[in-house]
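Heads up: the structure comes next, in structure tokens.
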Amino acid sequence: MSTRANQLLASTLDGMNPTEHARLLPDESWGQLPASLIENPEWMAEQLRLRGRIWYTDDARVLATLWWFSTSSKLIAPSVASYVVTGEALSPRLEDLRLHWQPDSRLSGVTSVNVLPGSDPLESLAQALRRTLDRSIASVAATAGIRQRPLWAIATDAIAGCLLWAGRARGAPGRATALAEPLVAAMDAPMPAPRYTEVESRENASRLFTKRTSCCLLYRAPGEDKCSSCPGRPPEQRRALLRENTPH
């Protein structure tokens, strides 16, 4: 990791609630691999095969979607969090990312080893995210033989969710989530607009959630159900389940 990247990561952590640091400090005991491996067809196929052991299915569409749902938010976390907290972004370029990887295909997180250059931080971040997501989604889709568009929807939710997480950790969720629309628009990618929804608890406390545009297909794995925030659930059922996760 470059000295500047180390300094930017330290500044980012200093500006966040310590309880949220783990997401930016992956387990160092896990192996580190270059994120550019995502573009390697053999490596990508092996990750899906390994995920099949976790989810007890050989459905390539389900495995690729679940892998991308988990991985996409980790790929963008360092750059999004650093931008929200400091106004400067760690690089999301695949060449600058290290995957903290277990032999069963799971990732504990991602480290960025460089700072993203550019005079316009939002535009620079948007274009770098676009390139990383373009390359990653193309590889995942090709490996599984599936369409790219649903994976772009997952990327939208990853960005929206990561901004919300970083904003809460910073103590300014409203300011962070306000970045979602301009950031996604500046990416100019084939992805839906990010959305949020506010859910009230029984005590009239409210909490913001990402209003997902994508489905992770978890329910298609044996013995699994739809996520509480799944867009495939009826709206009232989804709100009721989210309400259970709202602090009382």
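The values are calculated or read from the model by the stated rules, or taken from the named source; none is laboratory data. Just so we're clear, the structure is a prediction, and the values are computed from it rather than from any experiment. So basically every Cβ, Gly included, is an ideal-geometry build from the backbone, and we count neighbours across all protein chains shown.
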Next item on the list: Select, from Arg61, Arg93, the only residue that is surrounded by fewer than 21 Cβ atoms within 10 Å (Cβ to Cβ), under 16 Å from Ala126 (Cα atoms) and either of a type in the set (Ser, Thr, Tyr) or modelled with pLDDT of 95 or more (or both).
Entry: Arg93
Notebook entry, point to check: Going by the conditions given, is Thr210 crowded, with 19+ Cβ neighbours inside 10 Å, at pLDDT 95 or above and under 17 Å from the mean Cα position of the chain (by Cα)?
Noted result: no
Check: Within region 184-220, how many residues are part of a helix (DSSP H, G or I) and either in contact (Cβ under 8 Å) with a residue 60 or more places away in the chain or of a type in the set (A, V, I, L, M) (or both)?
Finding: 6
Check: Looking at (1) in contact with a helix residue (DSSP H, G or I) (Cβ under 8 Å, 6 or more places away or on another chain); (2) on the phi < 0 side of the Ramachandran plot, which is the only condition Asp120 fails?
Finding: (1)
Item checked: Selection from region 170-183 of residues that are in contact with a Leu (Cβ under 9 Å, 6 or more places away or on another chain), modelled with pLDDT of 95 or more and in a helix (DSSP H, G or I) -> Ala176, Thr177, Ala180, Pro182, Leu183
Notebook entry, point to check: Quick check, is Leu122 under 19 Å from the mean Cα position of the chain (by Cα), of a type outside the set (Gly, Ala, Ser) and surrounded by 19 or more Cβ atoms within 10 Å (Cβ to Cβ)?
Noted result: no
Next item on the list: Mind listing whichever residues of region 140-151 are surrounded by fewer than 22 Cβ atoms within 10 Å (Cβ to Cβ) and either assigned to a helix (DSSP H, G or I) or not β-branched (Val, Ile, Thr) (or both)?
Entry: Ala141, Ala142, Ala144, Gly145, Arg147, Gln148, Arg149, Pro150
Note to self: Within region 1-41, take every residue that is small (Gly, Ala, Ser) and over 18 Å from the mean Cα position of the chain (by Cα) and give me the one that is surrounded by the fewest Cβ atoms within 10 Å (Cβ to Cβ).
What the structure shows: Ser29
Notebook entry, point to check: Among the residues of region 152-163, which ones are crowded, with 21+ Cβ neighbours inside 10 Å and either aliphatic (A, V, I, L, M) or modelled with pLDDT under 95 (or both)?
Noted result: Ile154, Ala155, Ala158, Ile159, Ala160, Leu163
